[in-house]
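Notes to accompany the following structure.
Where a number appears in this text, it was derived from the coordinates with a stated rule and is not lab data. Keep in mind the model is a prediction, meaning the values are calculated, not measured. Because the Cβ atoms are built from the backbone with ideal geometry, glycine has one as well, and the counts that use them run over all protein chains shown.
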Amino acid sequence: MKVTLILKNNFPATISTRNGVIEFCKNLELSLNNEFTLDFSEIYFISRSCADEFVKTFTKTSCKWNLINYNAYIKSMFDAVIHTQNSMNTDYENVAITPFLNQKDLNKFLSVI
Amino acid sequence: MRTIIIKINQPLTDRMGSSIEALIEVLDLIYDTKPGDSLTLDLSDLCFVHPFLILPVSALIKYLRKIGVRVLLELPKNRPCFCYLKNIFFEEGISPLIHQEWEKKLNDYNYKNYLPIISVPTTSVNEIIKNKILSTFENILQNQLMLEINVQIAIKFIIGESFDNIDQHSNVENGWIMVQNYPDKEYLDVCIADTGKGLLQSYKDADFKNITTHEQALNEAINGRSTKIYEKSRGYGIRTSKKMLVEGLKGKYFLYSGTAFYIWTDEHKNISPLNERFFWPGTLLALRIPKKAPLNFKYSSYLE
């Protein structure tokens with residue numbers, strides 16, 4: 001069955017929280033027989049975490065899915081998420097640990113940032 | 001029961017660190033406070049406050065009251081500062097759980113230079129409200145600032161990801177957010193805070209046995225080490241936000257959790273452990289965001 005999810009009925013113009021997407025997806029019948037279309041009309045922005053949650057939900061259950069009526073920002077977010085879906089963060093930067101000998105030194109540092 | 005009076009000092013400059021310094025003085029003084037104590041926070045000498053001081057102070061007041069400390073306030077003698085605190089809903093903030101007309105109240109700020117303190121619920125029953133409040137917040141910010149699209153999207157990304165971290169990891173009933181724009185300056189300040197379990201405890205709860213200090217926890221968090229170890233494609237929120245802000249927009253990123261902070265600006269990048277008396281109970285994020293992006297800035301170059 002083909003199901004179109006009109007997101008503006010459940011979300012405001014910006015979709016911000018991962019838990020919001022988790023709650024939303026709980027009500028979907030995620031079976032192989034269903035194909036989902038996410039309709040982004042009147043949605044202006046989606047956070048990376050939310051796009052990630054949508055992608056995870058659909059790929060985990062092997063459902064077919066696609067997006068419609070999306071703008072360039074939404075598209076770039078889904079592209080980024082799909083690109084990293086099967087990878088882990090590997091770049092690791094060890095940032096210098098800079099302790100302060102006393103509060104005076106700390107305050108001196110804070111005064112210049 | 002003891003009666004304690006704590007004076008909050010006026011930050012000496014507009015620099016980000018001045019407000020943090022004033023906050024650290026407060027944290028030092030409240031360190032010995034115990035349930036049952038009566039604490040008066042004396043703000044009477046304040047003439048102007050930035051979000052980096054007033055938002056965490058609001059969060060602290062709620063935190064202290066919750067653990068049974070009686071908190072009284074001595075408000076500023078300076079009239080404009082007194083009115084400002086009223087206008088930003090110090091100290092409880094606008095909460096959709098308390099203020100039925102929160103949306104109308106927020107829309108009153110469409111033509112001001114700041115957005116008030118907002119207490120955003122984090123429990124999952126409030127997902128619709130939570131998304132709506134963040135969406136309204138960002139729309140008003142845009143109405144106020146008329147930012148160019150690249151900066152607008154970057155701010156949405158940074159605020160969204162930062163707040164989502166609180167939502168996912170803090171284990172506390174609400175997070176806090178406030179914005180101040182300075183019309184005669186080239187930046188705006190965004191502060192996001194919670195008084196939840198903080199980064200170190202989040203890693204400990206997820207059984208990361210090798211992460212034992214606040215500075216280690218900060219190092220892992222800024223490198224995008226997600227506590228959801230078995231889920232791929234996680235942990236990009238903080239990593240991408242800070243790169244977008246500092247490398248891209250040339251802003252300042254300050255993250256404080258427990259007894260350590262991380263700072264990244266054009267000139268500084270370090271993690272600093274602090275005295276145990278300067279303990280921030282949760283996570284505090286202070287962002288100084290330029291209103292104009294460098295010519296070559298493109299938010300999408302930072303998406304990963």
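Quick notes
- Tensor-based shape of region B:1-141 (alpha-carbon gyration tensor, a/c under 1.5 rounded, otherwise prolate or oblate): oblate
- Ranked B:Trp176, A:Trp65, B:Trp264, criterion: other C-beta atoms within 10 Å, fewest first: A:Trp65, B:Trp264, B:Trp176
- Mean separation of Cα contacts under 8 Å, 6 or more apart, over the residue count of region B:105-216: relative contact order %: 28 percent
- Counting DSSP beta bridges with both ends in chain B, the antiparallel % (nearest 5): 75 percent
- Distance violations [Cα-Cα > 23 Å] among B:Lys105/B:Lys156; B:Lys77/B:Lys104; B:Lys34/B:Lys66: B:Lys77/B:Lys104
- Largest GNM mean-square fluctuation among B:Glu267, B:Glu25, B:Glu127, using chain B with Cα springs under 10 Å: B:Glu267.
- Chain A, relative contact order in percent, only Cα pairs under 8 angstrom and at least six apart counted: 27 percent
- Here the protein assembly as shown carries DSSP beta bridges of which approximately 60% are antiparallel, counting only pairs with both residues inside.
- Shown is the FRET efficiency for B:Ile128 and B:Arg79, computed with R0 = 35 Å from the Cβ-Cβ distance and rounded to the nearest 0.05: 0.35.
- Each of B:Tyr187, B:Gln168, B:Ser202 was scored by the projection of its Cα onto the charge dipole of region B:124-208, and the greatest displacement toward the positive side belongs to B:Gln168; charges sit on the C-beta of Lys, Arg, Asp and Glu.
- Pairs of Cα atoms nearer than 8 Å and 6+ residues apart set the relative contact order; for chain B it is 16 percent.
- Cβ charges +1 (Lys, Arg) and -1 (Asp, Glu), total dipole of the protein assembly as shown, debye: 120 debye
- Exposure proxy ranking, count of Cβ atoms within 10 Å, fewest first, for B:Phe52, A:Phe36: A:Phe36, B:Phe52
- B:Lys185-A:Ser62 pseudo-label distance in nm [points 7 Å out on the Cα-to-Cβ vector]: 5.6 nm
- Under 13 Å from A:Lys104, Cα to Cα: aspartates and glutamates that are on another chain or at least 8 residues apart: B:Glu21, B:Glu25
- Under-23-angstrom lysine pairs by C-alpha in region B:205-304, whenever the two are 8 or more apart or on separate chains: 28
- The helix-based estimate of mean residue ellipticity at 222 nm for the protein assembly as shown, built from -39,500 (n - 2.57) per DSSP H run of four or more residues and divided by its residue count, is -11500 deg cm²/dmol to the nearest 500.
- Residue exposure sequence - A:Ile74, B:Ile158, B:Ile271 - by fewest surrounding Cβ within 10 Å: A:Ile74, B:Ile271, B:Ile158
- Set of aspartates and glutamates with alpha-carbon distance to B:Lys204 below 19 Å, sequence-local pairs under 8 removed: B:Asp167, B:Asp194, B:Glu215, B:Glu220, B:Glu231, B:Glu276
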